[in-house]
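Worksheet for the structure shown next.
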Amino acid sequence: MEGQEQLVKSRVMKVNSEESWKYFVTQANNQGCPVVVHFTAAWCMPSVAMNPIFEDLALSYQDILFLLVDVDDLKEVATKMEIKAMPTFLVMREGDQVVDKLVGANPDEIRKRIDAFAQSIRSV
């Protein structure tokens, strides 16, 4: 039974505080791990609709850290990262250096961009 629980455990880490945001970004930076962040809001249906796609991407790209940030819970982080609309997806490397940004619920485009980013980091 215990093994089955792990199968359904999410690879997307929900950021619950400004401290956990700093922790995840710092850890990823220290390990040379790129980060993809989904800025969302519970009331934003396009954001909610993107959650399963984001989960699927996290399973597909094991070498990238996937974070979920609710803008209503973490206004400071959303402001710092200049988030103006939901959903917004940021691709980051070397800490909080943004290398790509996608605003809007576009599953094909986010897949394409993450795939291109993953290919670029693997070829370095």
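Structure summary
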{"read-out": "Lys pairs under 17 Å by Cα in the stretch 12-123, provided they are eight or more residues apart or on distinct chains", "value": "8"}
{"read-out": "Calculated [θ] (222 nm, deg cm²/dmol) that DSSP helices of n ≥ 4 give over the chain, each run adding -39,500 (n - 2.57)", "value": "-14500 deg cm²/dmol"}
{"read-out": "Extended-chain gain in nm, criterion 0.36 nm per residue less alpha-carbon gap, Gln97 and Lys84", "value": "2.9 nm"}
{"read-out": "Amide H partners (placed H, <5 Å) of Val99, local residues excluded", "value": "Val91, Met92, Arg93"}
{"read-out": "Within the accessible area of the stretch 12-123 (1.4 Å probe), percent carbon and sulfur", "value": "52"}
{"read-out": "Span-like helix ranges in the chain, DSSP H, alpha carbon extent 15 angstrom or more, Kyte mean at least 0.0", "value": "45-60"}
{"read-out": "Fluctuation leader among Asp108, Asp63, Asp96 - the chain, Gaussian network, Cα springs under 10 angstrom", "value": "Asp108"}
{"read-out": "Extension gain from Ser20 to Ala116, taking 0.36 nm per residue of separation minus the Cα-Cα distance", "value": "31.8 nm"}
{"read-out": "Average accessible surface area per residue within the stretch 12-123, 1.4 Å rolling probe, Å²", "value": "51"}
{"read-out": "Contour excess over end-to-end distance, with Cα ends at Trp43 and Asp73 and 0.36 nm allotted per residue", "value": "9.6 nm"}
{"read-out": "Whichever aspartates and glutamates have a C-alpha closer than 17 Å to that of Lys9, once near sequence neighbours (fewer than 8 apart) are set aside", "value": "Glu55, Asp56, Asp63"}
{"read-out": "Candidates Ala105, Ala49, Ala58: whichever shows maximal mean-square fluctuation once the chain is modelled as a Gaussian network with Cα springs under 10 Å", "value": "Ala49"}
{"read-out": "Prolate/oblate/rounded label for the chain (Cα gyration tensor, a/c 1.5)", "value": "rounded"}
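The values are calculated or read from the model by the stated rules, or taken from the named source; none is laboratory data. Treat the numbers as computed from the prediction; the structure is a model and nothing was measured. Please note that ligands, DNA and RNA were not included when accessible areas were found on the heavy atoms of the full protein model with its side chains. Shrake-Rupley method; radii C 1.70, N 1.55, O 1.52, S 1.80 Å.
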